[in-house]
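Undergrad: Right, I'll just put the structure down here and ask away after.
The values are calculated or read from the model by the stated rules, or taken from the named source; none is laboratory data. Since the structure is predicted, the reported quantities are computational estimates derived from the model, not experimental observations. Because the Cβ atoms are built from the backbone with ideal geometry, glycine has one as well, and the counts that use them run over all protein chains shown.
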């Protein structure tokens with residue numbers, strides 16, 4: 001029902017009923033003076049009805065968004081039609097503490113607001129009713145569900161050992177950036193890097209020692225590279241780094257800095273220090289590439305050349 005008559009509102013029985021509803025109810029006249037302030041409002045706002053009646057709403061509740069509500073009131077009165085403001089639009093209009101500490105972590109009450117025109121005997125709007133519904137439990141549950149979904153989504157993208165992107169998600173990001181290049185022509189560089197003699201690390205220190213190295217390298221990559229860089233574990237001991245808006249010269253400098261930082265970062269397993277070096281293959285995207293796979297292949301060729309030339313170095317190959 002979009003509107004109720006003034007005669008319906010003013011009956012004694014109805015007024016008594018409205019006082020004890022488990023929802024907030026405020027009735028305003030055309031000048032936005034409060035004409036009804038029920039017990040829910042008194043309990044949750046710590047303002048008794050005698051202290052609110054016949055006073056402007058915006059004086060009694062100075063924290064509510066006045067300009068926003070005036071626009072809503074004008075719409076309700078002009079169109080003679082009710083409207084709803086959900087907690088998703090605004091978590092709350094009235095500053096009310098949450099009294100459900102066990103079922104909700106929220107400090108403030110989430111509210112759905114219903115604003116209705118009240119018609120007099122001549123079918124003219126001369127009052128407005130505001131209903132405030134406490135939806136904290138439902139809102140908190142929905143927020144928690146959404147948060148858990150986001151965590152699950154993130155977990156599906158992250159390599160559990162190194163804490164950077166897994167191959168599937170990393171490669172999907174590489175493909176997206178490959179497609180973006182042909183729209184923007186913004187330079188991007190792909191680095192493929194590999195841990196030198198990683199099999200020897202596993203043979204000497206066991207697979208747990210190898211895991212220690214992979215975890216430490218993942219943490220170092222996160223520390224060294226920019227938030228816009230896209231880091232992924234491509235497979236085993238091979239990693240991919242996509243550098244956006246970067247040239248090969250800048251990428252080479254970043255690779256060299258990573259090697260220097262690695263040399264000064266001890267990797268300790270079972271009270272033994274494990275020393276490793278890295279080999280790099282670097283390729284900048286250009287118009288000759290037909291797919292992101294070709295981009296990876298080119299960087300892998302550069303990486304293989306670094307291995308062939310003695311490891312612990314970086315090689316740049318750019319396709320003309």
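Undergrad: Please state which of the following conditions residue 137 fails to meet, knowing it meets all the rest: (1) farther than 24 Å from residue 279 by Cβ; (2) assigned by TED's automatic domain parsing to the domain that holds residue 308; (3) in a helix (DSSP H, G or I).
TA: With (1) farther than 24 Å from residue 279 by Cβ; (2) assigned by TED's automatic domain parsing to the domain that holds residue 308; (3) in a helix (DSSP H, G or I) applied to residue 137, the lone miss is (2).
Undergrad: Consider residue 222 against the criteria (1) modelled with pLDDT under 95; (2) not in a helix (DSSP H, G or I): it satisfies all of them except one. Which criterion is unmet?
TA: (2)
Undergrad: Something else now. Of all residues in region 260-295, which are part of a strand (DSSP E or B) and surrounded by 10 or more Cβ atoms within 10 Å (Cβ to Cβ)? Spell out how you get there, then give the answer.
TA: Quick first cut of region 260-295, residues part of a strand (DSSP E or B) only: 267-269, 272-274, 278-284.
Passing the criteria: 267, 268, 269, 272, 274, 278, 279, 280, 281, 282, 283, 284.
Undergrad: Please work out if residue 176 is surrounded by fewer than 19 Cβ atoms within 10 Å (Cβ to Cβ) and not in a helix (DSSP H, G or I).
TA: It is false that residue 176 is surrounded by fewer than 19 Cβ atoms within 10 Å (Cβ to Cβ) and not in a helix (DSSP H, G or I).
Undergrad: OK, next. With the requirement that a residue be out of contact with any helix residue (DSSP H, G or I) (no Cβ under 8 Å at 6 or more places or on another chain) and under 14 Å from residue 69 (Cβ atoms), what does region 118-130 give you?
TA: 130, the sole residue that qualifies.
Undergrad: Among the listed residues 212, 162, 136, 228, which satisfies the condition of being touching a strand residue (DSSP E or B) at 6+ places or on another chain (Cβ under 9 Å) and under 30 Å from residue 43 (Cα atoms)? Walk me through it before giving the result.
TA: Working: 212 fails: under 30 Å from residue 43 (Cα atoms); 162 fails: under 30 Å from residue 43 (Cα atoms); 228 fails: under 30 Å from residue 43 (Cα atoms).
Only one candidate passes the filter, namely 136.
Undergrad: When residue 58 is evaluated against the numbered criteria (1) over 14 Å from residue 136 (Cβ atoms); (2) modelled with pLDDT under 90, which criterion, by number, is the only one it fails?
TA: (2)
Undergrad: Could you grab me the full set of residues in region 279-308 that are farther than 25 Å from residue 177 by Cα and touching a strand residue (DSSP E or B) at 6+ places or on another chain (Cβ under 7 Å)?
TA: Taking region 279-308 and keeping what is farther than 25 Å from residue 177 by Cα, we get 305-308.
305, 306, 307 - these are the residues of region 279-308 that are farther than 25 Å from residue 177 by Cα and touching a strand residue (DSSP E or B) at 6+ places or on another chain (Cβ under 7 Å).
Undergrad: Also, I was wondering about something else. Going by the conditions given, is residue 251 surrounded by 14 or more Cβ atoms within 10 Å (Cβ to Cβ) and either more than 28 Å from the chain's Cα centre (by Cα) or within 29 Å of residue 180 (Cβ to Cβ) (or both)?
TA: Yes: the conditions hold for residue 251.
Undergrad: Another question about this same structure. Within region 50-67, can you find the residues that are in contact (Cβ under 8 Å) with a residue 12 or more places away in the chain, within 33 Å of the chain's Cα centre (by Cα) and surrounded by 12 or more Cβ atoms within 10 Å (Cβ to Cβ)? Even if it seems obvious, please write down each step before you answer.
TA: Restricting attention to region 50-67, the residues satisfying the condition of being in contact (Cβ under 8 Å) with a residue 12 or more places away in the chain are 52-58, 60-61, 63-65.
Then drop every residue that is not within 33 Å of the chain's Cα centre (by Cα), which leaves 61, 63-65.
Hits for region 50-67 are 61, 64, 65.
Undergrad: Out of all the residues in region 216-248, which are exposed (fewer than 15 other Cβ atoms within 10 Å of the Cβ) and free of Cβ contacts under 8 Å to residues at least 60 places away in the same chain?
TA: 219, 222, 223, 226, 227, 228, 236, 245
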